[in-house]
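Laboratory data are not the source of any read-out in this text; all were calculated from the coordinates shown. Just so it is clear, the model here is predicted, and its values are computed rather than measured. Cβ sites come from the backbone with ideal geometry, for glycine too, and all protein chains shown count toward neighbours.
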Amino acid sequence: MPEYSYEFSDYNFSKKMYLLRNFYQLSFRELSSLLNYKSKGNLTFFEKFPMQNKPSYQALINLQQVFGISIDWMLGYSKFPYTNETIQCAEAQQADRFIIKTSTFDMPDVSPKNIVHSFDRPEYIIDSLKRTVFPNIVIQRKLCLADRFVLLFLLNFLSYYMIKFYVEHYNSKILQQLNHLLQVVNGEITLKSETITRHPDYLPAFSKLENALFPQNGEEQANTLNQSVLDERWDFLKYLNDNNIEVQINNRN
């Protein structure tokens, strides 16, 4: 049995962490929020080899749940960046990824009791988005694995945006904000937001994936879409190959 090499794992992790973040064009601040890190500075160490600070066990779990990525692949012990199992596990956990504690922000005019039972909390909004727009049962039946991989992240990023809005601008109009976002996803209006406009290719991808799941023209589609509906920008495997990372993938399993 070969001896375990921490140096081998560190090198692979730091390189792939950079590639994963760069693929989605995320800032360290955005990534730290997605991974529930208090300081973006800690994450910068993960992309440097040798790593002075190593990711915690919880950080690895968060990484897998946000991106659906294989931790074995991140550490260099697998050639499969993601599998049906890694993505399905992350999809199942998605509704519980973003929970706001009342102590996170100060709302003197709103009692904690009302917050807990309020339907304008991000948890309810994100759950509504998942149930009405992108239910897992439909995603898993129709989309190819590559598109599920991208959609998983996009939904997590949208959830992050909703939480950011809620914490920074809490008011009684959060449900209107959800409807506003759904209109954006459907291409009806343009969202003016620093968080979203920094990533102009995110929302068009949302629209393509939604149209693939629920065709607007009323025509029936096959239960399974064997090919990606997204353009080359979202081809993670090609991106890895272009960066000299050898990968393997099984499209549906």
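With a Förster radius of 51 Å applied to the beta-carbon distance between K164 and E7, the computed FRET efficiency rounds to 0.85.
Cβ-Cβ distance of K54 and D231, R₀ of 35 Å, FRET efficiency by 1/(1 + (r/R0)^6): the value works out to about 0.45. Fully extending the segment from T44 to T132, taken as 0.36 nm per residue of separation minus the present Cα-Cα distance, adds 28.0 nm. Look at the dipole of the range 6-74 built from charges on Cβ: of P50, L26, Y11, the Cα furthest out on the positive end belongs to L26. Spin-label model, E85 to R141: label points 7 Å out along the Cα-to-beta-carbon direction sit 2.6 nm apart. Quick one: if the Förster radius is 22 Å, what FRET efficiency do E246 and Q25 give, using the C-beta to C-beta distance and rounding to 0.05? About 0.40, to the nearest 0.05. In order along the range 138-147, the Karplus-derived 3J(HN,Hα) couplings, from 6.51 cos²θ - 1.76 cosθ + 1.60 at θ = phi - 60°, round to 6, 4, 5, 7, 9, 7, 6, 4, 4, 6 Hz, and Gly and Pro are given as x.
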